[in-house]
1. Looking at Tyr25, is it more than 16 Å from the chain's Cα centre (by Cα), part of a helix (DSSP H, G or I), over 19 Å from Leu211 (Cα atoms) and not aliphatic (A, V, I, L, M)?
2. Looking at Thr252, is it of a type in the set (Ser, Thr, Tyr) and within 14 Å of the chain's Cα centre (by Cα)?
3. Which one is modelled with the highest pLDDT among residues in segment 234-288 that are of a type in the set (A, V, I, L, M, F, W, C), part of a loop (DSSP other than H, G, I, E, B) and in contact with a helix residue (DSSP H, G or I) (Cβ under 6 Å, 6 or more places away or on another chain)?
4. Answer yes or no as to whether Ala41 is over 18 Å from Ala201 (Cα atoms) and under 19 Å from the mean Cα position of the chain (by Cα).
5. Among the residues of segment 87-109, what is the count of those that are in contact (Cβ under 8 Å) with a residue 12 or more places away in the chain, farther than 16 Å from Ala28 by Cβ and charged (D, E, K, R)?
6. Being of a type in the set (A, V, I, L, M) and outside any helix (DSSP H, G or I) is the filter; apply it to segment 173-199 and report the residue that is surrounded by the most Cβ atoms within 10 Å (Cβ to Cβ).
7. May I ask you to list the residues in segment 144-172 that are among the hydrophobic types (A, V, I, L, M, F, W, C) and either more than 18 Å from the chain's Cα centre (by Cα) or not in a helix (DSSP H, G or I) (or both)?
8. Quick one: how many residues across segment 247-262 are buried (at least 20 other Cβ atoms within 10 Å of the Cβ) and among the β-branched types (Val, Ile, Thr)?
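The values are calculated or read from the model by the stated rules, or taken from the named source; none is laboratory data. Not measured: the values here are computed from a predicted model. Here Cβ is always computed from backbone atoms with ideal geometry, including for glycine, and neighbour counts include all displayed protein chains.
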Amino acid sequence: MDIVVSGLLLGGAYVLMALGLQLQYGVARIMNLANGEMLVAGAFGAFWFYTGSKLSPFLTVALVAPLAFVVNWAIYRVLLSPLVKRAKSQGQLEVDSILATFGLSFIMVGLMLAVFGGDYFSYSYLERAFTIFGEPYALSRVAAFLASAVFCTTLVYWLTGTRTGLSLRAVAVNPVSAGLVGINVARASALSFAMGGAVTAAGGALLSMFLTFDASTGMIFTMKALVIVILGGVGDIRGAIVAALILGLAETAVASLIDPGLTLAAAYLLFIVILLFRPQGLFGRRPS
């Protein structure tokens, strides 16, 4: 039971990281390899505000998420929009965006190293125990899980119950058809990319309450987000949520039963298995 609860708490915190990439790749068709760096930037923001002014990480989300939205909107408009316009196929866009965001990830790492240095950082917040089924768990993990659940519920409602959210879903299904019914595909793609960055930064602020970071750990989280997106199915929000919980359970089981040093290897193994046996993901449709 301890493995299950711990895995669900970890997976719940991973959800926002995955939903950010899901919005960027599933809607805007941008494979953002700087997604993990945006998460680390959100974690640095929470660390800086808490250690400097004792501002709660939950309140920090209200600061880092809008800032990340603006930054990612600018990144899409300045760097990625020209790539979208010149791409003659989806394959070319994916290759170009991978190369562009791979370079962007190095720029972001360099900036964070220059500002915060190369040391690992963490801080103590809600460190007291919270009992679940008779076992103690860090209250910070429980609080991050609950906050993530609130964010996910709000995001899913916005995507399914508002006109703008439905427009993004239409672009995710078929951007050409979406354009034919009057949806501004370029604006919807920019919005989804910016929202993806904001959600990812919010996830970083929550994860910073119980994980240790440094400026160069972003690529690890990018790979984990990619595993979750592929496992759940590209463009499927519910799939990303379920896949994040599965990854959290898998990592916790490996850390508890085998070796904590093999958690990343377990994530990569899961990724390889998905690509070999079900590349469309758990909720994705087989190509016709």
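1. Considered against the rule, which asks whether it is more than 16 Å from the chain's Cα centre (by Cα), part of a helix (DSSP H, G or I), over 19 Å from Leu211 (Cα atoms) and not aliphatic (A, V, I, L, M), Tyr25 comes out as no.
2. no
3. Checking each candidate, the answer is Val234.
4. No.
5. So the answer is 0.
6. Ile183
7. Leu166, Ala170, Val171
8. So the answer is 2.
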